[in-house]
Amino acid sequence: MTSARGKRPNASITNVAALADVSIATVSRVLSGRRTKDDDIARRVRQAAIELDYAVNSAASALRSDTSNIIALSLPATPNPLHAGIVAAISDAASAAGRQLLVGTDSTSAGQHQRIKAFIRRNADGIIVLPCPRSGTSTARGLATADTPIIQLFGSTNLLRHDWISIDNGASIELAVTHVVERGAHSIAYFSDAVGSSEGAQTLLAFQSSLNMLHAHADSDWITIADGTTQRGFADTMRIFGDASREIPEAIICASVDTAIGAMIALNQLAIDVPNRVQIVSLRDDTAAATSVPSLTAMRAPLPQMAAESLRLIANAGAATSDAMTVARLRRHVAFPRRVVARGSTRHAAVA
């Protein structure tokens, strides 16, 4: 029975959080005066407390701690071998920090947005988001003012709405070029994926810059841009290496494992030895790279470091003791280079 329209004499802090569509910790901070910013979130909390006849002075006692020791992870439902590695890395990092991990998957950006809101209502200490494809920066839009830290993994971000952790593609391709140059290659081909994004353009520019820095070179027709398929890798390699009268590159760097495997198939058909005559590196790594013949040298995403940095940023955000500190804290954009996993498609380093 209610005492007035929308009011419940025995309303709890959980009821207030649900009506205001915020976390329990946010209700506690607003009603205890520790969150002094007068924004839409604070107004929603206060209005919900009034509607439910919730006693402000009970907020602190209703919540034993501002932390739940829960980290939430939101992933696309689309199959991707990388996702299993992300879950494992974040699970390990969460366990090491004494926290539990909640995982949710969604097939659309709208579903993911609702999932993030549900995680906020669960009072998660922080939320790590791998955006759904083509969601851009919209997944967490409207949620960045919430007290719950949101960390975006991968994807593009143009706004300082939340912390962002991804791959430094420029540094990664520089490491790949350095790897083959140190092993005797000075003429290098690059089979790029479609350069329809700033990330792809950055990687292509970094390749050209790395050649200049390391005194290597690439003919213009050795740099190709297309889908990352086995067929494409095969066709590009046959075109470049099939004419015995032309100079051929001593190494190929491929944007994908499939493209690199296609290149190795073509070189085998042309009786060109890998790695003694031509070395091959993939800018991605997966099980196919490890099991190909020869096994494929690849660049591996540093998922453990990315997971640890995610937990560190969440812990730092939770350590802020005032709204002034929270507002002043700049959103962090952190990028890690991939690391070289040397296998059979590149030679041993030259001995000085």
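The values are calculated or read from the model by the stated rules, or taken from the named source; none is laboratory data. Every value quoted in this text rests on a predicted model; they were computed, and no experiment measured them. All Cβ positions, glycine included, derive from the backbone under ideal geometry; neighbour counts span all protein chains shown.
Of note:
- Residue list for region 59-96, filter: modelled with pLDDT of 90 or more, over 20 Å from R284 (Cβ atoms) and surrounded by fewer than 20 Cβ atoms within 10 Å (Cβ to Cβ): I70, A77, S91, D92
- Annotation note: of D147, D163, the sole residue that is more than 18 Å from P337 (Cα to Cα), modelled with pLDDT of 70 or more and charged (D, E, K, R) is D147.
- Scanning region 206-230 for residues that are under 15 Å from T178 (Cα atoms) and assigned to a helix (DSSP H, G or I) yields A206, F207, Q208, S209, S210, L211, N212, M213.
- Taking the conditions (1) free of Cβ contacts under 8 Å to residues at least 40 places away in the same chain; (2) surrounded by fewer than 17 Cβ atoms within 10 Å (Cβ to Cβ); (3) out of contact with any Phe, Trp or Tyr (no Cβ under 7 Å at 6 or more places or on another chain) in turn, T287 satisfies each one other than (1).
- Some residue of region 109-118 being in contact with a Pro (Cβ under 9 Å, 6 or more places away or on another chain) and at pLDDT below 95: yes
- Tallying residues that are in a strand (DSSP E or B) and within 12 Å of P131 (Cα to Cα) within region 63-103 yields 4.
- Residue among Q112, Q100 that is without any contact (Cβ under 8 Å) to a residue 40 or more places away in the chain and either surrounded by 22 or more Cβ atoms within 10 Å (Cβ to Cβ) or under 14 Å from L153 (Cα atoms) (or both): Q112
- Residues of region 82-104 that turn out to be within 12 Å of the chain's Cα centre (by Cα) and among the basic types (K, R), as a count: 0
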